[in-house]
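Student: Take this structure first; my questions come after.
The values are calculated or read from the model by the stated rules, or taken from the named source; none is laboratory data. All of these numbers come straight from a predicted model, not from anything done at the bench. Cβ placement follows ideal geometry from the backbone for every residue including glycine, while neighbour counts extend to all protein chains displayed.
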Amino acid sequence: MRTALLLVLLPATVLADASAGPARRESATTPPAAQRRFRDWDQLVNDVRELVPICHAVGKQYIRGRTAVMLPADCFFAPGRSELRSDAAPRVAIVAAAIKRLGEREVWVGAHADEKQPRPFRLTSAQAGALVEALVAAGVPAARLIAIGFGSQNEVEVYDGISMLAPGQPLVELAVAPGAQELPAP
């Protein structure tokens, strides 16, 4: 199984009306591949909406080309722990099914800690790795998943029309990765 650690320090750019659908984010100059990623992002959001009553919050945001669905970390992990909760299997199954419906699209699975957490990069890397392993066990091809530990770099601000997440809250992030044709030329 391929697991990579990617440390990303990016300021959040909140999409003012993320619930409006891809047409609001696309322009005449948006490449078709990027338009497809926005559609995949919206599909992923719709597919995990059933977690709202269980997790009490689901967010979505667009950050510098990263289209992400955000879930409270306590849906999958006990506070400060990297082992999946004993009751997380149904939630993992919902996420796995949503990722499988994206076809061959790669998904980044990230974790964010709060700023009070000791050794936040170690914790979030282990959480992301544990979730990737559970998703692979649920039938998602390992080659389509990348684990990312964000540490306490949790400057995530999310508004999505579904539910508001608390600022600084530990999060699990599912990001629809850009394809090679969507990346800028060197």
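Student: Could you count how many residues in segment 103-113 are surrounded by fewer than 18 Cβ atoms within 10 Å (Cβ to Cβ) and either within 18 Å of ALA68 (Cβ to Cβ) or not small (Gly, Ala, Ser) (or both)?
Tutor: 2
Student: So which residues in segment 52-74 are surrounded by fewer than 22 Cβ atoms within 10 Å (Cβ to Cβ) and part of a helix (DSSP H, G or I), if there are any at all?
Tutor: Scanning segment 52-74 gives VAL52, PRO53, ILE54, CYS55, ASP74.
Student: Moving on. Which one of these does VAL48 not meet: (1) over 13 Å from the mean Cα position of the chain (by Cα); (2) modelled with pLDDT of 85 or more; (3) in a helix (DSSP H, G or I)?
Tutor: Result: VAL48 fails condition (1) only.
Student: While we're here: Go through (1) at pLDDT below 90; (2) outside any loop (DSSP other than H, G, I, E, B) one by one and return the number of the condition GLN169 breaks.
Tutor: (2)
Student: Just to be sure I understand, how many residues within segment 75-110 are part of a strand (DSSP E or B) and either more than 13 Å from the chain's Cα centre (by Cα) or farther than 20 Å from GLY151 by Cα (or both)?
Tutor: 2
Student: Pairs under 9 Å by beta carbon, first residue in a strand (DSSP E or B) in segment 128-155, partner buried (at least 22 other Cβ atoms within 10 Å of the Cβ) and hydroxyl-bearing (Ser, Thr, Tyr), six or more apart or different chains?
Tutor: Short answer, once both residue conditions are applied: ALA147/SER125; ILE148/THR124; ILE148/SER125; GLY149/THR124; GLY149/SER125.
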